[in-house]
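Notes for the one structure printed next.
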Amino acid sequence: MSFYNKAVNYSLDESTAFKNITDIHYNAFKSYENDENIHLTNKFVQKLILSFDIFDDVQDKDNKRAPWSGDERQAINLGLILLIDAFKEAHECNFINKKTALDYIHLNLSNSIKGQYIDIQNRIKTPLEYINMCKSKSGSLVSLAALLGVLTTSTKHLTEIHSYCLDIGVAAQISNDIKDVINFEKKNDLSEKKISLPILYLLYQYKGPSMVKDYFLGLVDYKEICMSKSMVIRQLYHSGALNYAKQVKEKYMKQAKEKVNNLPIGSSKKLLIIKNLIDEI
């Protein structure tokens, strides 16, 4: 099997999550059946998200299981091939308003890249800066997948959909950060001294002793963190850092649900979005 096929097969599950976002929004807002075109839209979204996944992995160096992890040069080439293929397919998609679709593609991809740039800088100092980074980096990709599903069949409520998708992106990113910071089975955020919401709480709000805080201040190294991982995990729980992050995640999930419930669509369609997308975070 070629390098290209291995990479695509490996990433099907990940990109399928975004395909589901597209399908959910197509079904929630469709005014008529356009199944052939939603198939084209799904292919476009999957290739586009896969290309961004590859670029993200190359930059973060945090996914050693991926087929492209061993050769960054080939990974970049693969990402570019997928990106070019995706945009070719974008022009073949029969969106209700192609200009609006292309405008949202440009807006969301640009914002996601800006968010990734801020994330890589790793200079975030406040929860608000972190939230804004998540909206740009993650929320923009959720918005992209959702809006393209909608624009396959309708042009209504685009601003409102974009807004709650940013909230969903924040909640999803925080959920990933919570899992990652206590997972020592793979290279995690702690190994890179990456700033996340639980870490911000420990550094700037928690007043008690913390080995993680000492690590970020350069007083202990990562080897010592790994040797004391049980204590580190207990400190993350007992300090309130993880609970704080969960509360913020739940706040943005609640905001997203409220925005969905305010849409002038049927209750069954609202439930489709909430149950299959927001409640799954």
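Among the lysines, which fall within straight-line cross-link reach of K259, defined as a Cα-Cα distance under 21 Å, with same-chain neighbours fewer than 8 residues apart omitted?
Correct list for K259: K30, K135, K137, K156, K246, K249, K251, K269, K270, K275.
First check a/c for the chain, with a ≥ b ≥ c the square roots of the eigenvalues of its C-alpha gyration tensor; if it is under 1.5, answer rounded, and if not, answer prolate when a/b is larger than b/c or oblate otherwise.
Taking the square roots of the gyration eigenvalues as a ≥ b ≥ c, the chain is oblate.
Apply the a/c threshold of 1.5 to the C-alpha gyration tensor of the stretch 91-197 and tell me whether it is rounded, prolate or oblate.
In terms of gyration-tensor shape, prolate.
Just to check I understand the Karplus step: with θ = phi - 60° and J = 6.51 cos²θ - 1.76 cosθ + 1.60, what whole-Hz values come out for the stretch 265-270, glycine and proline as x?
10, x, 5, 5, 6, 4
Test of understanding: in a Gaussian network model of the chain with alpha carbons linked when under 10 Å, which of Q116, Q46, Q247 would top the mean-square fluctuation ranking?
Of Q116, Q46, Q247, the most mobile in the Gaussian network model is Q247.
What residues from the stretch 105-119 fall in the zone where the backbone N is under 19 Å from a label point 7 Å along the Cα-to-C-beta line of T155?
105-108
Please name whichever of L263, A245, V142 sits farthest to the positive end of the charge dipole of the chain, dipole taken about the Cα centre and charges placed at Cβ: Lys and Arg +1, Asp and Glu -1.
It is A245.
When only Cα pairs under 8 Å and 6 or more residues apart are kept, what is the percent relative contact order across the stretch 3-278?
21 percent
Springs between alpha-carbon atoms under 10 Å, Gaussian network over the chain: tell me which of D177, D167, D57 tops the mean-square fluctuations.
Highest fluctuation of the listed residues: D57.
Determine, for each peptide in 129-142, 90-103, the mean count of other beta carbons within 10 angstrom over its residues, then list the peptides with the highest first.
129-142, 90-103
If we sort 200-208, 149-157 on the protection proxy, mean other Cβ atoms within 10 Å, highest first, what's the order?
Going from most to least packed, we get 149-157, 200-208.
Mind checking which of S112, S143, S175 has the largest fluctuation in a GNM of the chain, springs on alpha carbons under 10 Å?
Of the options given, S175 has the highest mean-square fluctuation.
Throughout, read-outs are computed from the coordinates displayed, never taken from laboratory work. Values in this document were obtained by computation on a predicted structure and should not be read as measured data. Using ideal geometry, Cβ is built from the backbone for each residue, glycine included, and neighbour counts are taken over all protein chains shown.
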